[in-house]
Amino acid sequence: MRSEALVLPMPRIVLREETDDWAILFDPDTAATFGVNPMGVLVFRLLDGSRTVRDIVAEIRERCTDVPSDAERIVGDFLEELVTRGMAELRTPGGR
Amino acid sequence: MMRACRTPRNVEICITNQCNLRCTYCSHFSSEGSGSDDLPTGEWLAFFEELNRCSVLEVVLGGGEPLLRGDLMELVNGIVTNRMRFRIQTNGLLLTLELAASLRSTGRCHQVQLSIDGSCPEVHDHFRGDGSFEGVITGLRILQKSRLPISVRVTVHKRNVDDLERIATLLLEGFGLPAFSTNSASYMGLCRQNADEVQLGVEEHSRAMEALLRLGDRYPGRILANAGPLSNARHWLDMERARKEGLDPFPDCGYLRSCGGVFSKITVRADGVIVPCVQMTHIELGRINRSDLRVLWQEHPGILSLRRRWDVPLGSFEFCRGCPYIPYCRGNCPALAYTILGVENHPSPDACLRRFLDSGGKLPRVS
Ligand code: SF4
Ligand code: SF4
């Protein structure tokens, strides 16, 4: 996914935090769930339609320590997965 | 102690105290709150917004008979708008093709649960009332035609214990259902007044276990049970084998750990009072739209006390003293411990293997 891609969660998707800061994303239309780790939770919360992949990674670097050097690829893969699962949509044409 | 979710995952609500039947073993009627007026639509809709904020995934609509509510679809749409799925527990008599089509069109109906307790009117209607078999079978056909997900529950009692094979044939072969579940009429609600007439005696319980295990072999994975004779048969055979062979303790056994419900779900009575479980309506935790559900879930002493059961060893009860099954036992349902003994945090005599054997009960033979 390109650095300037904009991704927006589908409004129906529920972020449900469980114990220990892990969470699940739940699609009430299909009952599908997708487990996400604390970093995934943070990324999901940052998907407000104004932040690109690059912006999200910059925000993470500001908030967290020990962010891996390939964070942009990791975040991009995560967002790609959300789009594939129908839990989010890509807002920039050709943004992949 | 096992950790609870931050908020309940599943909320069961009794949307009405009205019912078009009066089944002899109904666990609803005569329980706390069952005589009150129903809440107006707006109260439930406001509550669904709170459930959305709490990221609740599923609402179970029960009663009484939920299909008696004229605003049922308005409530269902409130659930859908608030990003949840739903199930309905109904006696099936009021289902119509139009209603089934509306439920299906939401795309969020996880299941419609029907109760079918006999293979024919003589058996099914005995405790549920004349015409109820015909009504529920028509309801089942409507659900199948509408391609809604169906679950069928068979409550085993004195009058259908010898009909189980025919019930399985009807449901699994006649209707081609993938599975059905079983439990038994237990000492709750109206059943308490009619226990001798309805509940399985020790000998009938043994017969029901034999029959259901046999059917389970014939229809692998298609006869389910979380309680009642089939569930007991499966657990008790494992417990007896473990005792004989001196096996290591089973996971999560030796403590009052049978009920995990209080870690993930909660119930609301038809009068809006929040309780831990549909079977424990006497423990009042708060009221919808007045209590903060998240705070109540995390802090209410009534719910915390039920969660602390998990740390209570069975060996600490006089009831279990000297029992060789302690390392393999979880102490059974707290709601039944309450209705039978008047205290939740105690092993329930209802599914106690030692008590069953002491009363002359026989474990099923295994081939
Ligand atoms: S068991 Fe169900 S159908 Fe029967 S009286 Fe109770 S609520 Fe009504
Ligand atoms: S007495 Fe009954 S409840 Fe207690 S451990 Fe033995 S079998 Fe379980």
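The values are calculated or read from the model by the stated rules, or taken from the named source; none is laboratory data. Because the structure is predicted, anything quoted here is derived from the model rather than measured. So basically every Cβ, Gly included, is an ideal-geometry build from the backbone, and we count neighbours across all protein chains shown. Each accessible area value is taken on the protein alone, full model and side chains, heavy atoms only, with ligands, DNA and RNA left out. Shrake-Rupley method; radii C 1.70, N 1.55, O 1.52, S 1.80 Å.
Condition test on A:PHE78, is it outside any helix (DSSP H, G or I) and aromatic (Phe, Trp, Tyr)?
When the stated conditions are applied, A:PHE78 does not pass them.
Checking B:SER119 against (1) assigned to a loop (DSSP other than H, G, I, E, B); (2) away from every other protein chain (no Cβ under 14 Å); (3) closer than 23 Å to B:ASN77 by Cβ; (4) open to solvent by 10 Å² or more (accessible area, probe 1.4 Å), which test does it fail?
Failing condition for B:SER119: (3).
Take residues that are among the charged types (D, E, K, R) and tell me which of the helices (runs of 4 or more DSSP H) falling wholly in the range B:280-352 contain 2 or more.
B:293-299, B:301-308
Can you name the residue in the range B:23-43 that is without any contact (Cβ under 8 Å) to a residue 60 or more places away in the chain and in a helix (DSSP H, G or I) and, of all such residues, is surrounded by the fewest Cβ atoms within 10 Å (Cβ to Cβ)?
Residue satisfying both the conditions and the ranking: B:GLY42.
Out of B:ASN77, B:ASN20, B:ASN91, which single residue is more than 30 Å from B:ASP252 (Cα to Cα), away from chain A (no Cβ under 14 Å), more than 16 Å from ligand 2 (Cβ to nearest atom) and open to solvent by 50 Å² or more (accessible area, probe 1.4 Å)?
Going through B:ASN77, B:ASN20, B:ASN91 in turn, just one is more than 30 Å from B:ASP252 (Cα to Cα), away from chain A (no Cβ under 14 Å), more than 16 Å from ligand 2 (Cβ to nearest atom) and open to solvent by 50 Å² or more (accessible area, probe 1.4 Å): B:ASN20.
Select, from A:ASP48, A:ASP20, A:ASP66, the only residue that is at positive phi, away from chain B (no Cβ under 14 Å) and among the acidic types (Asp, Glu).
A:ASP66
Among the numbered criteria (1) touching a Pro at 6+ places or on another chain (Cβ under 7 Å); (2) under 21 Å from B:LEU230 (Cβ atoms); (3) touching a residue at least 12 places away in the same chain (Cβ under 8 Å), which single criterion is violated by B:ARG355?
(3)
Since B:PRO66 meets every condition but one in (1) away from chain A (no Cβ under 14 Å); (2) farther than 18 Å from B:LEU93 by Cα; (3) of a type outside the set (A, V, I, L, M, F, W, C); (4) open to solvent by less than 20 Å² (accessible area, probe 1.4 Å), which condition does it not meet?
(2)
Taking the range B:66-93 only, how many residues are part of a strand (DSSP E or B) and away from ligand 1 (no atom under 16 Å from the Cβ)?
The total comes to 2.
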